[in-house]
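Written below as structure tokens is the structure these notes are about.
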Amino acid sequence: MRPRILFVVQCLEIGGAETVLIGPLNTIDYSRYDVDIFLHSHHGEMMPFVPKEVNLLPEIPIYAQIERVTSMCSHRVMRANQ
């Protein structure tokens, strides 16, 4: 049995953590590791860059709803601070 790696990210929109995640996903030796990624919400511009060897875990609807609310709130705070 191969070691497993799990990545947990809100979504794969263009951003720092999301962009940085794609690098390791493209360098992992998939013959040595099983890799899962859990996204709160299955959307974002970086989705096509996830290697086919990565197991994309199913979206949990309540997590997707929480991610949307969190995202809306953070956008409002950023606009208020401009």
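The values are calculated or read from the model by the stated rules, or taken from the named source; none is laboratory data. Everything quoted here is computed from the prediction, not taken from an experiment. Glycine also receives a Cβ, built like all others from the backbone with ideal geometry; neighbour counts cover every protein chain displayed.
Name the residues in the range 42-54 that are without any contact (Cβ under 8 Å) to a residue 24 or more places away in the chain and in a helix (DSSP H, G or I), would you?
Of everything in the range 42-54, just one residue is without any contact (Cβ under 8 Å) to a residue 24 or more places away in the chain and in a helix (DSSP H, G or I), namely 48.
Is at least one residue of the range 55-62 at pLDDT 95 or above, out of contact with any His (no Cβ under 6 Å at 6 or more places or on another chain) and not in a loop (DSSP other than H, G, I, E, B)?
Yes, because at least one residue in the range 55-62 is at pLDDT 95 or above, out of contact with any His (no Cβ under 6 Å at 6 or more places or on another chain) and not in a loop (DSSP other than H, G, I, E, B).
Of these, 18, 13, which one is touching a Cys at 6+ places or on another chain (Cβ under 8 Å) and either closer than 26 Å to residue 65 by Cα or among the acidic types (Asp, Glu) (or both)?
The match here is 18.
Do you know which residues across the range 1-44 are modelled with pLDDT of 90 or more, among the charged types (D, E, K, R) and under 11 Å from the mean Cα position of the chain (by Cα)?
Once the filter is applied, which keeps residues that are modelled with pLDDT of 90 or more, among the charged types (D, E, K, R) and under 11 Å from the mean Cα position of the chain (by Cα), the range 1-44 yields only 36.
Please give the number of the condition residue 22 fails out of (1) under 15 Å from residue 55 (Cβ atoms); (2) in contact (Cβ under 8 Å) with a residue 12 or more places away in the chain.
Result: residue 22 fails condition (1) only.
Of the residues 12, 25, which single one is part of a helix (DSSP H, G or I) and either hydroxyl-bearing (Ser, Thr, Tyr) or surrounded by 14 or more Cβ atoms within 10 Å (Cβ to Cβ) (or both)?
So the residue among 12, 25 that is part of a helix (DSSP H, G or I) and either hydroxyl-bearing (Ser, Thr, Tyr) or surrounded by 14 or more Cβ atoms within 10 Å (Cβ to Cβ) (or both) is 25.
Restricting to the range 28-41, count the residues that are touching a strand residue (DSSP E or B) at 6+ places or on another chain (Cβ under 7 Å) and in a loop (DSSP other than H, G, I, E, B).
2
Could we say that residue 69 is modelled with pLDDT under 95, within 25 Å of residue 3 (Cβ to Cβ) and outside any strand (DSSP E or B) here?
No: the conditions fail for residue 69.
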